[in-house]
Amino acid sequence: MELLITVCFLVLFCTISYFYKRFSQMRSHSCYMLAYECFKATDDRKLDTESCVKIVLRNKNLGLDQYRFLLQTMVNSGLGEETYGPRNVLAGREETPTLMEAHEEMDEIMFGTLDNLFSKTDVSPSDIDILVVDVSLFSPSPSLTARIVNRYRMRDNIKSFSLSGMGCSASMVAIDLVQNLFKSYKNAFAVVVSSETIGPHWYCGKENSMMLSNCLFRSGGCSVLLTDKPCLKHKALMKLKHSVRTNIGSNDDAYGCCIQIEDQQGYNGFLLTRNLTKAAAKAFTMNLKVLVPKILPIRELIRFAVISICKTNNKTAKPSLNLKTRIQHFCIHPGGRAVIDGLGKSLGLNEYDMEPARMALHRFGNTSAGGLWLKKDDKILMISLGAGFMCNNCVWEVMKDLGNGNVWEHCMDRYPIPRKNTINPFADKYSWINDERLNFVRMDLSNIILS
(Lines give C-alpha, C1' and ligand atoms only; values in the text may rest on other atoms or scores of the structure.)
Protein backbone atom coordinates (compact mmCIF):
# COMPACT_ATOMS: atom_id res chain seq x y z
CA MET A 1 0.00 0.00 0.00
CA GLU A 2 2.81 2.37 0.91
CA LEU A 3 4.55 1.61 -2.39
CA LEU A 4 1.33 2.29 -4.32
CA ILE A 5 0.87 5.68 -2.64
CA THR A 6 4.47 6.59 -3.40
CA VAL A 7 4.10 5.62 -7.06
CA CYS A 8 0.86 7.60 -7.39
CA PHE A 9 2.55 10.63 -5.87
CA LEU A 10 5.45 10.32 -8.31
CA VAL A 11 3.05 10.05 -11.26
CA LEU A 12 1.23 13.19 -10.13
CA PHE A 13 4.51 15.03 -9.57
CA CYS A 14 5.89 14.04 -12.97
CA THR A 15 2.63 15.06 -14.69
CA ILE A 16 2.65 18.50 -13.07
CA SER A 17 6.34 18.90 -13.90
CA TYR A 18 5.68 17.92 -17.51
CA PHE A 19 2.96 20.51 -18.08
CA TYR A 20 4.95 23.18 -16.24
CA LYS A 21 7.92 22.42 -18.48
CA ARG A 22 5.75 22.75 -21.60
CA PHE A 23 4.27 26.00 -20.37
CA SER A 24 7.74 27.38 -19.61
CA GLN A 25 8.97 26.41 -23.07
CA MET A 26 6.07 28.28 -24.67
CA ARG A 27 6.98 31.42 -22.72
CA SER A 28 10.72 31.17 -23.22
CA HIS A 29 12.59 32.87 -26.05
CA SER A 30 14.11 30.69 -28.76
CA CYS A 31 17.81 30.47 -29.50
CA TYR A 32 18.71 29.19 -32.96
CA MET A 33 22.13 28.25 -34.30
CA LEU A 34 22.33 29.52 -37.88
CA ALA A 35 25.90 28.54 -38.68
CA TYR A 36 29.24 27.64 -37.14
CA GLU A 37 32.83 27.54 -38.30
CA CYS A 38 35.57 25.48 -36.67
CA PHE A 39 39.25 26.32 -36.87
CA LYS A 40 41.68 24.10 -38.72
CA ALA A 41 45.31 25.15 -38.56
CA THR A 42 47.81 24.78 -41.38
CA ASP A 43 49.82 21.58 -41.73
CA ASP A 44 53.04 23.22 -40.56
CA ARG A 45 51.51 23.39 -37.06
CA LYS A 46 50.89 19.65 -36.71
CA LEU A 47 52.23 18.05 -33.56
CA ASP A 48 53.19 14.55 -34.62
CA THR A 49 55.36 12.21 -32.57
CA GLU A 50 58.70 13.59 -33.73
CA SER A 51 57.64 17.20 -33.13
CA CYS A 52 56.48 16.35 -29.61
CA VAL A 53 59.74 14.55 -28.84
CA LYS A 54 61.81 17.55 -29.95
CA ILE A 55 59.80 19.83 -27.67
CA VAL A 56 60.22 17.46 -24.72
CA LEU A 57 63.98 17.16 -25.22
CA ARG A 58 64.39 20.95 -25.21
CA ASN A 59 63.27 20.91 -21.57
CA LYS A 60 66.55 20.31 -19.70
CA ASN A 61 64.66 20.01 -16.39
CA LEU A 62 63.44 16.54 -17.32
CA GLY A 63 65.02 13.21 -16.47
CA LEU A 64 64.27 9.51 -16.88
CA ASP A 65 61.28 9.54 -14.51
CA GLN A 66 59.68 12.44 -16.36
CA TYR A 67 60.32 10.80 -19.75
CA ARG A 68 58.56 7.67 -18.54
CA PHE A 69 55.62 9.65 -17.22
CA LEU A 70 55.25 11.56 -20.49
CA LEU A 71 55.47 8.34 -22.49
CA GLN A 72 52.71 6.71 -20.44
CA THR A 73 50.56 9.84 -20.66
CA MET A 74 50.86 10.18 -24.44
CA VAL A 75 50.24 6.48 -25.02
CA ASN A 76 47.02 6.68 -22.99
CA SER A 77 45.97 10.16 -24.15
CA GLY A 78 43.89 9.17 -27.16
CA LEU A 79 45.52 11.87 -29.33
CA GLY A 80 46.59 11.15 -32.89
CA GLU A 81 49.38 12.41 -35.14
CA GLU A 82 47.54 15.41 -36.63
CA THR A 83 46.69 17.70 -33.73
CA TYR A 84 47.88 21.31 -33.89
CA GLY A 85 50.24 23.25 -31.64
CA PRO A 86 51.11 26.94 -31.27
CA ARG A 87 53.75 28.43 -33.56
CA ASN A 88 56.03 29.75 -30.81
CA VAL A 89 56.30 26.28 -29.23
CA LEU A 90 57.01 24.57 -32.54
CA ALA A 91 59.68 27.22 -33.21
CA GLY A 92 61.37 26.55 -29.84
CA ARG A 93 60.29 29.75 -28.07
CA GLU A 94 58.06 28.22 -25.41
CA GLU A 95 60.17 29.65 -22.58
CA THR A 96 60.04 33.21 -23.95
CA PRO A 97 56.48 33.83 -25.19
CA THR A 98 55.60 37.37 -26.23
CA LEU A 99 52.36 39.35 -26.14
CA MET A 100 52.52 39.74 -29.92
CA GLU A 101 52.67 35.96 -30.40
CA ALA A 102 49.67 35.49 -28.10
CA HIS A 103 47.67 37.99 -30.16
CA GLU A 104 48.78 36.36 -33.40
CA GLU A 105 47.65 32.96 -32.12
CA MET A 106 44.23 34.37 -31.25
CA ASP A 107 43.92 36.43 -34.44
CA GLU A 108 44.51 33.37 -36.61
CA ILE A 109 41.68 31.50 -34.87
CA MET A 110 39.20 34.35 -34.33
CA PHE A 111 39.53 36.11 -37.67
CA GLY A 112 39.92 32.89 -39.64
CA THR A 113 36.66 31.41 -38.34
CA LEU A 114 34.76 34.72 -38.41
CA ASP A 115 35.80 35.50 -42.01
CA ASN A 116 34.44 32.12 -43.11
CA LEU A 117 31.32 32.47 -40.95
CA PHE A 118 30.34 35.84 -42.42
CA SER A 119 31.19 34.79 -45.98
CA LYS A 120 28.99 31.67 -45.76
CA THR A 121 25.93 33.54 -44.43
CA ASP A 122 23.93 36.58 -45.47
CA VAL A 123 24.72 38.25 -42.14
CA SER A 124 27.08 41.22 -42.14
CA PRO A 125 29.34 42.08 -39.17
CA SER A 126 27.33 45.31 -38.85
CA ASP A 127 24.21 43.22 -38.23
CA ILE A 128 25.61 41.64 -35.06
CA ASP A 129 23.89 42.82 -31.86
CA ILE A 130 25.71 40.64 -29.31
CA LEU A 131 29.34 39.45 -29.27
CA VAL A 132 30.74 37.01 -26.71
CA VAL A 133 34.35 35.79 -26.68
CA ASP A 134 35.52 33.12 -24.25
CA VAL A 135 39.27 32.57 -23.87
CA SER A 136 40.26 31.43 -20.40
CA LEU A 137 43.97 32.18 -20.11
CA PHE A 138 44.38 35.34 -22.19
CA SER A 139 42.60 38.54 -21.16
CA PRO A 140 44.42 41.50 -22.77
CA SER A 141 43.47 45.17 -22.79
CA PRO A 142 41.82 46.25 -25.04
CA SER A 143 39.76 43.07 -24.85
CA LEU A 144 39.50 40.41 -27.56
CA THR A 145 35.92 41.52 -28.21
CA ALA A 146 37.19 45.06 -28.82
CA ARG A 147 39.77 43.61 -31.23
CA ILE A 148 36.99 41.90 -33.21
CA VAL A 149 34.79 45.03 -33.17
CA ASN A 150 37.71 47.05 -34.53
CA ARG A 151 38.60 44.53 -37.22
CA TYR A 152 35.05 44.25 -38.60
CA ARG A 153 33.94 47.83 -37.90
CA MET A 154 30.93 46.66 -35.92
CA ARG A 155 28.24 49.00 -34.60
CA ASP A 156 28.89 51.29 -31.63
CA ASN A 157 25.86 49.91 -29.74
CA ILE A 158 26.94 46.26 -29.89
CA LYS A 159 26.70 44.39 -26.58
CA SER A 160 30.12 42.73 -26.10
CA PHE A 161 31.27 40.35 -23.37
CA SER A 162 34.70 38.81 -22.70
CA LEU A 163 34.73 35.65 -20.57
CA SER A 164 37.95 34.36 -19.00
CA GLY A 165 39.12 31.83 -16.43
CA MET A 166 36.32 29.30 -17.03
CA GLY A 167 38.34 26.57 -18.71
CA CYS A 168 36.90 24.03 -21.09
CA SER A 169 33.27 24.69 -20.12
CA ALA A 170 33.38 28.37 -21.14
CA SER A 171 31.70 27.82 -24.51
CA MET A 172 28.57 26.48 -22.79
CA VAL A 173 28.62 29.50 -20.46
CA ALA A 174 28.76 31.78 -23.51
CA ILE A 175 25.81 30.02 -25.17
CA ASP A 176 23.77 30.24 -21.96
CA LEU A 177 24.65 33.93 -21.67
CA VAL A 178 23.39 34.61 -25.19
CA GLN A 179 20.19 32.69 -24.54
CA ASN A 180 19.46 34.89 -21.53
CA LEU A 181 20.41 38.08 -23.38
CA PHE A 182 17.86 37.22 -26.06
CA LYS A 183 15.17 37.71 -23.40
CA SER A 184 16.12 41.39 -23.23
CA TYR A 185 17.30 42.01 -26.79
CA LYS A 186 14.64 40.77 -29.19
CA ASN A 187 15.16 39.89 -32.87
CA ALA A 188 18.92 39.96 -32.48
CA PHE A 189 21.99 38.32 -33.98
CA ALA A 190 24.73 37.02 -31.68
CA VAL A 191 28.21 35.66 -32.33
CA VAL A 192 30.10 33.45 -29.89
CA VAL A 193 33.84 32.90 -30.39
CA SER A 194 35.40 30.10 -28.29
CA SER A 195 39.11 29.32 -28.15
CA GLU A 196 42.19 29.16 -25.94
CA THR A 197 45.77 30.41 -26.04
CA ILE A 198 48.23 27.54 -25.74
CA GLY A 199 51.55 29.21 -26.64
CA PRO A 200 51.98 31.64 -23.71
CA HIS A 201 51.05 28.96 -21.19
CA TRP A 202 53.22 26.03 -22.25
CA TYR A 203 54.65 24.46 -19.09
CA CYS A 204 58.46 24.25 -19.04
CA GLY A 205 58.93 22.66 -15.61
CA LYS A 206 59.11 19.06 -14.43
CA GLU A 207 56.05 18.48 -12.20
CA ASN A 208 54.04 15.53 -13.51
CA SER A 209 50.66 16.97 -12.57
CA MET A 210 51.46 20.14 -14.52
CA MET A 211 52.93 18.45 -17.59
CA LEU A 212 49.55 16.82 -18.30
CA SER A 213 48.23 19.99 -19.94
CA ASN A 214 51.08 19.93 -22.50
CA CYS A 215 50.09 16.39 -23.45
CA LEU A 216 46.35 17.03 -23.86
CA PHE A 217 45.70 20.65 -24.86
CA ARG A 218 45.96 21.64 -28.51
CA SER A 219 45.11 24.65 -30.69
CA GLY A 220 41.52 24.97 -31.83
CA GLY A 221 38.42 27.12 -31.71
CA CYS A 222 35.01 27.84 -33.13
CA SER A 223 32.75 30.77 -34.06
CA VAL A 224 28.97 30.38 -33.88
CA LEU A 225 26.17 32.56 -35.27
CA LEU A 226 22.99 32.58 -33.16
CA THR A 227 19.65 34.36 -33.38
CA ASP A 228 16.23 34.49 -31.74
CA LYS A 229 14.43 35.67 -34.89
CA PRO A 230 11.41 33.41 -35.62
CA CYS A 231 11.55 34.38 -39.30
CA LEU A 232 14.94 32.63 -39.60
CA LYS A 233 13.82 29.38 -37.99
CA HIS A 234 13.76 27.65 -41.38
CA LYS A 235 17.47 28.47 -41.85
CA ALA A 236 18.59 27.22 -38.44
CA LEU A 237 20.87 24.24 -38.03
CA MET A 238 19.85 23.65 -34.42
CA LYS A 239 17.63 25.04 -31.68
CA LEU A 240 18.74 25.26 -28.06
CA LYS A 241 16.25 23.31 -25.97
CA HIS A 242 17.81 23.35 -22.50
CA SER A 243 20.88 24.70 -20.75
CA VAL A 244 21.95 23.93 -17.18
CA ARG A 245 25.02 25.30 -15.40
CA THR A 246 26.52 23.87 -12.20
CA ASN A 247 29.34 25.45 -10.19
CA ILE A 248 30.76 23.67 -7.12
CA GLY A 249 33.58 26.16 -6.53
CA SER A 250 32.50 26.53 -2.88
CA ASN A 251 34.21 23.18 -2.28
CA ASP A 252 37.96 23.69 -1.72
CA ASP A 253 39.00 20.38 -3.31
CA ALA A 254 36.88 21.07 -6.40
CA TYR A 255 38.14 24.64 -6.66
CA GLY A 256 41.79 23.57 -6.54
CA CYS A 257 41.65 20.43 -8.69
CA CYS A 258 42.21 22.33 -11.94
CA ILE A 259 44.12 25.54 -11.30
CA GLN A 260 46.82 27.77 -12.79
CA ILE A 261 49.82 28.06 -10.44
CA GLU A 262 53.57 28.54 -10.30
CA ASP A 263 55.76 25.53 -9.40
CA GLN A 264 58.71 25.57 -7.01
CA GLN A 265 61.11 26.46 -9.81
CA GLY A 266 59.01 29.46 -10.80
CA TYR A 267 57.45 27.96 -13.95
CA ASN A 268 53.81 28.85 -14.63
CA GLY A 269 51.48 26.03 -15.55
CA PHE A 270 48.12 24.38 -15.12
CA LEU A 271 47.87 21.96 -12.20
CA LEU A 272 45.56 18.94 -12.55
CA THR A 273 45.17 17.07 -9.24
CA ARG A 274 43.75 13.68 -8.29
CA ASN A 275 40.61 15.42 -7.03
CA LEU A 276 39.68 16.28 -10.61
CA THR A 277 37.84 13.00 -11.24
CA LYS A 278 35.88 13.29 -7.99
CA ALA A 279 34.96 16.93 -8.66
CA ALA A 280 33.86 16.14 -12.21
CA ALA A 281 31.64 13.27 -11.03
CA LYS A 282 30.02 15.43 -8.35
CA ALA A 283 29.38 18.40 -10.64
CA PHE A 284 28.09 16.16 -13.42
CA THR A 285 25.68 14.34 -11.09
CA MET A 286 24.33 17.61 -9.67
CA ASN A 287 23.86 18.98 -13.18
CA LEU A 288 21.95 15.91 -14.38
CA LYS A 289 19.57 16.12 -11.43
CA VAL A 290 18.38 19.43 -12.86
CA LEU A 291 18.67 18.61 -16.56
CA VAL A 292 17.17 15.11 -16.70
CA PRO A 293 13.62 16.03 -15.60
CA LYS A 294 13.59 18.66 -18.37
CA ILE A 295 14.45 16.27 -21.19
CA LEU A 296 13.24 12.74 -20.44
CA PRO A 297 9.65 11.58 -21.02
CA ILE A 298 7.40 10.95 -18.00
CA ARG A 299 7.35 7.20 -18.57
CA GLU A 300 11.14 6.99 -18.16
CA LEU A 301 11.11 9.08 -15.00
CA ILE A 302 8.34 6.92 -13.51
CA ARG A 303 10.17 3.72 -14.50
CA PHE A 304 13.33 4.95 -12.80
CA ALA A 305 11.43 6.02 -9.66
CA VAL A 306 9.61 2.69 -9.33
CA ILE A 307 12.78 0.65 -9.84
CA SER A 308 14.63 2.83 -7.34
CA ILE A 309 11.97 2.26 -4.70
CA CYS A 310 11.79 -1.48 -5.33
CA LYS A 311 15.57 -1.79 -5.05
CA THR A 312 15.95 0.35 -1.95
CA ASN A 313 16.87 -2.67 0.13
CA ASN A 314 19.30 -3.96 -2.49
CA LYS A 315 22.33 -1.68 -2.11
CA THR A 316 24.32 -3.43 -4.84
CA ALA A 317 21.70 -2.75 -7.49
CA LYS A 318 22.00 0.69 -9.03
CA PRO A 319 19.12 1.64 -11.34
CA SER A 320 20.06 3.95 -14.19
CA LEU A 321 18.17 6.37 -16.37
CA ASN A 322 18.02 5.63 -20.08
CA LEU A 323 18.89 8.98 -21.67
CA LYS A 324 18.55 7.44 -25.11
CA THR A 325 14.76 7.59 -24.75
CA ARG A 326 15.10 11.24 -25.78
CA ILE A 327 18.75 11.87 -26.73
CA GLN A 328 20.18 10.52 -30.00
CA HIS A 329 23.73 11.92 -29.82
CA PHE A 330 26.18 12.61 -27.00
CA CYS A 331 28.79 15.31 -27.53
CA ILE A 332 31.17 14.60 -24.65
CA HIS A 333 33.92 17.03 -23.75
CA PRO A 334 37.12 15.56 -25.32
CA GLY A 335 39.24 16.31 -22.26
CA GLY A 336 41.14 13.04 -22.58
CA ARG A 337 40.51 9.33 -22.90
CA ALA A 338 39.86 9.00 -19.14
CA VAL A 339 37.24 11.76 -19.22
CA ILE A 340 35.41 10.18 -22.17
CA ASP A 341 35.55 6.70 -20.62
CA GLY A 342 34.32 7.97 -17.25
CA LEU A 343 31.38 9.95 -18.61
CA GLY A 344 30.47 7.18 -21.03
CA LYS A 345 30.40 4.60 -18.26
CA SER A 346 28.32 6.77 -15.93
CA LEU A 347 25.74 7.36 -18.69
CA GLY A 348 25.69 3.75 -19.86
CA LEU A 349 26.88 4.66 -23.36
CA ASN A 350 28.29 2.25 -25.91
CA GLU A 351 31.23 2.75 -28.27
CA TYR A 352 28.99 4.16 -31.01
CA ASP A 353 27.74 6.88 -28.65
CA MET A 354 31.28 7.85 -27.61
CA GLU A 355 32.74 7.67 -31.11
CA PRO A 356 32.40 11.42 -31.95
CA ALA A 357 34.23 12.44 -28.77
CA ARG A 358 37.00 9.86 -29.27
CA MET A 359 37.55 10.87 -32.88
CA ALA A 360 37.53 14.61 -32.05
CA LEU A 361 40.16 13.94 -29.38
CA HIS A 362 42.23 11.80 -31.77
CA ARG A 363 42.14 14.33 -34.62
CA PHE A 364 42.21 17.68 -32.80
CA GLY A 365 43.12 17.02 -29.15
CA ASN A 366 41.46 18.75 -26.21
CA THR A 367 39.67 21.63 -27.97
CA SER A 368 36.07 22.77 -28.36
CA ALA A 369 36.04 22.11 -32.11
CA GLY A 370 34.21 19.02 -33.37
CA GLY A 371 31.67 17.79 -35.88
CA LEU A 372 28.75 15.36 -36.17
CA TRP A 373 26.58 13.95 -38.94
CA LEU A 374 23.03 14.74 -37.78
CA LYS A 375 19.44 14.34 -38.92
CA LYS A 376 16.41 16.56 -38.41
CA ASP A 377 14.70 16.25 -34.99
CA ASP A 378 17.74 14.52 -33.45
CA LYS A 379 18.55 15.68 -29.92
CA ILE A 380 22.17 16.27 -28.87
CA LEU A 381 23.41 16.39 -25.29
CA MET A 382 26.57 18.51 -25.07
CA ILE A 383 28.62 17.89 -21.92
CA SER A 384 31.38 20.25 -20.78
CA LEU A 385 33.62 20.32 -17.71
CA GLY A 386 35.93 23.13 -16.67
CA ALA A 387 37.94 24.89 -13.98
CA GLY A 388 36.00 26.34 -11.10
CA PHE A 389 34.90 23.54 -10.87
CA MET A 390 31.98 23.64 -13.33
CA CYS A 391 29.80 21.32 -15.34
CA ASN A 392 27.74 23.07 -18.03
CA ASN A 393 25.47 20.97 -20.25
CA CYS A 394 22.95 21.80 -22.93
CA VAL A 395 20.56 20.02 -25.29
CA TRP A 396 20.16 21.00 -28.94
CA GLU A 397 17.47 19.92 -31.39
CA VAL A 398 18.56 19.48 -35.01
CA MET A 399 16.35 21.59 -37.30
CA LYS A 400 17.49 20.14 -40.65
CA ASP A 401 19.58 17.26 -41.98
CA LEU A 402 23.24 18.25 -41.63
CA GLY A 403 25.82 16.95 -44.05
CA ASN A 404 28.46 19.66 -43.89
CA GLY A 405 31.69 18.11 -42.65
CA ASN A 406 33.26 21.50 -41.80
CA VAL A 407 36.83 20.82 -40.59
CA TRP A 408 36.27 17.08 -41.02
CA GLU A 409 35.81 17.18 -44.79
CA HIS A 410 39.46 16.52 -45.55
CA CYS A 411 39.68 13.39 -43.39
CA MET A 412 36.19 11.88 -43.05
CA ASP A 413 37.23 8.97 -45.26
CA ARG A 414 39.75 7.96 -42.57
CA TYR A 415 37.33 8.12 -39.65
CA PRO A 416 36.18 6.53 -37.44
CA ILE A 417 39.34 4.66 -36.54
CA PRO A 418 38.67 1.37 -34.67
CA ARG A 419 40.28 1.42 -31.24
CA LYS A 420 42.02 -1.89 -31.89
CA ASN A 421 43.71 -0.34 -34.95
CA THR A 422 45.09 2.72 -33.17
CA ILE A 423 48.73 1.81 -32.61
CA ASN A 424 50.31 4.63 -30.65
CA PRO A 425 53.60 5.69 -32.30
CA PHE A 426 55.03 6.75 -28.93
CA ALA A 427 54.72 3.20 -27.62
CA ASP A 428 56.03 1.79 -30.87
CA LYS A 429 59.19 3.95 -30.95
CA TYR A 430 60.01 4.74 -27.34
CA SER A 431 58.77 1.89 -25.15
CA TRP A 432 62.41 1.03 -24.44
CA ILE A 433 62.50 3.98 -22.03
CA ASN A 434 60.68 1.76 -19.52
CA ASP A 435 63.59 -0.73 -19.49
CA GLU A 436 64.55 -1.07 -15.81
CA ARG A 437 68.25 -1.41 -16.71
CA LEU A 438 68.28 2.30 -17.51
CA ASN A 439 67.83 2.96 -13.77
CA PHE A 440 71.46 1.99 -13.23
CA VAL A 441 72.97 3.86 -16.17
CA ARG A 442 73.96 7.52 -16.24
CA MET A 443 73.84 8.99 -19.73
CA ASP A 444 72.30 11.77 -21.77
CA LEU A 445 69.11 10.11 -22.96
CA SER A 446 68.26 12.97 -25.32
CA ASN A 447 70.99 11.93 -27.75
CA ILE A 448 69.73 8.32 -27.75
CA ILE A 449 66.11 9.36 -28.23
CA LEU A 450 66.93 11.64 -31.17
CA SER A 451 68.92 8.91 -32.83
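The values are calculated or read from the model by the stated rules, or taken from the named source; none is laboratory data. All values reported here derive from a predicted model rather than from experimental measurement. Don't worry about glycine lacking a Cβ; one is built from the backbone with ideal geometry, like all the others, and counts go over all protein chains shown. Just so you know, the surface numbers come from the protein's heavy atoms only, side chains and all, with ligands and any DNA or RNA stripped out. Shrake-Rupley method; radii C 1.70, N 1.55, O 1.52, S 1.80 Å.
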Quiz item: Quick one: putting +1 on the C-beta of Lys and Arg, -1 on the C-beta of Asp and Glu, what dipole do you get for the range 220-265 around its Cα centre, in Debye to the nearest 20?
Solution: 840
Exercise. Go through the range 134-141 residue by residue and turn each phi into a ³J(HN,Hα) via Karplus (6.51, -1.76, 1.60, θ = phi - 60°); whole Hz please, and just put x for glycine and proline.
Key: 10, 9, 5, 9, 9, 10, x, 10
Quiz item: If you place +1 on the Cβ of every Lys and Arg and -1 on the Cβ of every Asp and Glu, how big does the dipole about the Cα centre of the range 31-434 come out, in debye to the nearest 20?
Solution: 1660
Quiz prompt | Rounded to the nearest 10 Å², the accessible area of Tyr185 at probe 1.4 Å | solution = 90
Quiz item: Which of the pairs Lys235/Lys375; Lys40/Lys379; Lys324/Lys345 have their Cα atoms more than 18 Å apart in this structure?
Solution: Lys40/Lys379
Self-check item: Only Lys, Arg (+1) and Asp, Glu (-1) charged, at Cβ; the range 37-146 dipole about Cα centre in debye
Solution: 620
Practice problem: Arrange the peptides 376-382, 356-362 so that the one whose residues have, on average, the most other Cβ atoms within 10 Å appears first. | Solution: 356-362, 376-382
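Just need the relative contact order of the range 31-434 here, percent rounded to a whole number, with Cα pairs under 8 Å and 6+ apart.
23
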Quiz item: Using 7 Å Cα-to-Cβ label points, what is the Gln264/Asn61 separation (nm, one decimal)?
Solution: 1.2
Quiz prompt | Where only alpha carbons of the range 31-434 are counted, the Rg and the Dmax (Å) | solution = 21.3, 65
Quiz item: Under a point spin-label approximation (7 Å from Cα along Cα-to-Cβ), what is the Thr285-Arg299 distance to one decimal in nm?
Solution: 3.0
Quiz prompt | Accessible area (Å², 1.4 Å probe, nearest 10) - Ile198 | solution = 20
Quiz item: Share of antiparallel DSSP beta bridges in the range 31-434, in percent to the nearest 5?
Solution: 70
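Once Rh for the range 183-298 is found with the Kirkwood sum over Cα pairs, what is the Stokes-Einstein diffusion coefficient at 10 °C and 1.306 mPa s, in µm²/s? Mind showing how you got there, number by number?
On the way: Rh = 18.0 Å.
My calculation gives 88 µm²/s for D.
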